[in-house]
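Working notes, beginning with the structure itself.
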Amino acid sequence: MISLRRATLEDLMFYFELRNDPGAMKSQFNAEPVDLATHTAWFFSKLKDSNAYLFVIEREGEKVGQVRIDLQNGAGEIDIALAPSWRGKGYAPSAIQQAVSRVFQERGEVKTITAHIKESN
């Protein structure tokens, strides 16, 4: 069983490592590595953004991955990444369902949340 919690400043490096993981980058549309300074600026801005929901996926207190939902004009776009040792174990659907449910519950104006997925994924 997994749970979600909102990301904090302490999750900066976890998000950074997930972003630059070679396996995760294969599924990203922007597959270029990101340097720490760029990532740090992005992460801080997302934490302050009321239209960005950053969640850490956990299982028994261990970080499994992240789910992010960015909102704009009553719609959301979702991004998910799992740590290498947790991929392929069926955690992504539950994490997505939990994140989407929380956003719909907290933000009544949001009507749709979409994901853009590479065909190879």
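Points worth noting:
- For the range 57-79, filtered to residues that are open to solvent by 60 Å² or more (accessible area, probe 1.4 Å) and part of a strand (DSSP E or B), the residue that is nearest to L12 (Cα to Cα) is K63.
- Annotation note: Cβ proximity below 6 Å between a residue of the range 99-121 that is at pLDDT below 95 and a residue that is open to solvent by 60 Å² or more (accessible area, probe 1.4 Å) and of a type in the set (D, E) (sequence gap 6+ or interchain) occurs for T114/E77.
- Within the range 87-101, the set of residues being exposed (fewer than 11 other Cβ atoms within 10 Å of the Cβ) and farther than 15 Å from A115 by Cα comprises G88, G90.
- Screening the range 102-121 for residues that are within 14 Å of the chain's Cα centre (by Cα) and hydrophobic (A, V, I, L, M, F, W, C) and picking the one that is most open to solvent (accessible area, probe 1.4 Å) gives I117.
- Residues of the range 43-56 that turn out to be surrounded by 14 or more Cβ atoms within 10 Å (Cβ to Cβ) and over 23 Å from V110 (Cα atoms), as a count: 0
The values are calculated or read from the model by the stated rules, or taken from the named source; none is laboratory data. On a predicted model such as this, the values are computed, not experimentally measured, just so you know. Neighbour counts are summed over all protein chains in view; Cβ atoms, including those assigned to glycine, are modelled from backbone coordinates with ideal geometry. Note: areas computed on protein heavy atoms with side chains; ligands, DNA, RNA excluded. Shrake-Rupley method; radii C 1.70, N 1.55, O 1.52, S 1.80 Å.
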